[in-house]
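What follows is calculated from the coordinates using simple rules that are stated; it is not laboratory data. Values in this document were obtained by computation on a predicted structure and should not be read as measured data. Reconstructed Cβ throughout: ideal geometry from the backbone, glycine too, with neighbour counts over all protein chains shown.
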Amino acid sequence: MSFKSFDELRAACRDLPAGSEVAAAAVARRQDTLTKPQGSLGRLEAIAAWLARWQGRDMPRLDRVKVLVFAGNHGVTAQGVSAYPSEVTVQMVANFAHGGAAINQLARATGAELDVIPLDLDHPTGDFTQGVAMDEAAFLAAVSAGYDAVDTDLDLVCLGEMGIGNTTPAAAISAALFGGGAEKWTGRGTGVDDAGLKRKVVAIEAGLDRHAAVLADPLKAAAALGGRELAAIFGATLAARHRNVPVLLDGFVCTAAAAPLAKLHPAGLAHTIAAHVSAEAGHRGLLQALGLTPLLDLGMRLGEGSGACLAVNLVRSALACHAGMASFAEAGVSEK
């Protein structure tokens, strides 16, 4: 897919399949026959129905699960918003390739494929305090790259990112979409000190002021304030909806990247589950603004799709119970 304009992308965001109520209802009916009090598996039952709805299958499956990690660099790091230099993005992509990062271990442990997709790392986005992070063409190219990364035969996709400085554009996009000013959404990211935190707030406020004229348009705001990896996550989230693939969202950056879809369609993120709530300051508030309830709360703030990958184990457990449990009749257990 190669989106040619904001208008074409906007139209694609407003033409979303609703999912299969028939498949979700079939899961609910089966759940009511299994050897347990009705509803006693709590959210595991809802996860099984969610899988069915968005896969369009009465009996969901998890044969092919993939973690997509998009990597990008950011011009706004010139404002001193990160504790690490931008070359760490390239170094970490190499670490992923050699199997040395946390996400490599987590993907292996949960039986997921891992794809790491670097996005023009030698050319950071523009410093959004001075101009747009991406013009229309650059933004659409990154969205299209993310869209094309989602295979049509996936059963579940986990989305993640790597990009030094990217909690700054994530906070800026959150403020643009949901208001409240920079301080509400800005955290310490990779561990900036008090002075670094202040620089982040100042940079975000400068970006919001500079691009005030486009903030009412979710796509133009994401282009002006975001990053290539965030745009790619947005594209992947959209592709997953079009291709009947349920999505586990990772942390603050990933959630902020997907958030414009919720602004463009009232059920834009219905095919997603928030895998966890991270320790980054703005994430809990962003999930609340989007109406997403996280599966895990482990104090994580790594990114890389790490929290999303951990949550695959919960999804697998939900499906195992749904598919493998006996019914009352099969087990010869008396119902109430």
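Averaging Cα coordinates gives a centre for region 255-311 and one for region 1-80; these two points are 13 Å apart. Summarising the strand pairing of the chain, around 5 percent of its internal DSSP beta bridges are antiparallel.
Remark on region 147-215: hydrodynamic radius 13.7 angstrom, per the Kirkwood mean of 1/r across alpha carbon pairs.
Please get the size of the charge dipole for region 151-209, origin at its Cα centre, with Cβ charges of +1 on Lys and Arg and -1 on Asp and Glu, quoted in debye to the nearest 20. That gives region 151-209 a dipole magnitude of about 420 debye. With N counted as the residues of the chain, its alpha-carbon radius of gyration over 2.2 N^0.38 Å works out to 1.00. Normalised radius of gyration (Cα atoms, divided by 2.2 N^0.38 Å) for region 1-83: 1.72. Under the convention that each Lys and Arg Cβ holds +1 and each Asp and Glu Cβ holds -1, the size of the dipole of region 38-186 around its Cα centre is about 580 debye.
The slack in the chain from E183 to A320, taken as 0.36 nm per residue of separation less the alpha-carbon distance, amounts to 45.0 nm. Candidate membrane-span-like segments in the chain, meaning DSSP H helices with Cα atoms spread over at least 27 Å of their own axis and a Kyte-Doolittle mean of -0.5 or above, are 306-324, with no membrane implied. More than 19 angstrom separation, counting every C-alpha pair in region 230-332; what % is that? Of the Cα pairs, 45 percent sit more than 19 Å apart. Considering only K198, K220, K36, the mean-square fluctuation computed in a Gaussian network model of the chain, springs between alpha carbons under 10 angstrom, is largest for K36. Take every Cα pair under 8 Å whose residues are at least 6 apart in sequence, average their separation, divide by the length of region 52-114, and the relative contact order is 41 percent.
Three semi-axes describe the equivalent ellipsoid of region 173-296; taken as square roots of 5 times the Cα gyration tensor eigenvalues and ordered largest first, they are 24, 17, 12 Å. Label separation (R29 vs K198): 6.5 nm, computed from points 7 Å beyond Cα along the C-beta direction.
Its relative contact order, with pairs defined as Cα atoms under 8 Å and 6+ residues apart, puts the chain at 24 percent. Here region 235-336 is treated with +1 on each Lys and Arg Cβ and -1 on each Asp and Glu Cβ, and its dipole about the Cα centre works out to around 240 debye. Each principal axis of the Cα cloud of region 86-230 was taken in turn, and the coordinate range along them, longest first, works out to 44, 35, 28 Å. The mean sequence distance of close C-alpha pairs (under 8 Å, at least 6 residues apart), as a share of the length of region 1-81, puts its relative contact order at 31 percent.
For the pairs K200/K220; K66/K198; K184/K220, note any where the Cα-Cα span goes beyond 30 Å. Cα-Cα > 30 Å for K66/K198; rest within.
For the options N73, N166, N95, a Gaussian network treatment of the chain with springs between C-alpha atoms closer than 10 Å singles out N95 as fluctuating the most.
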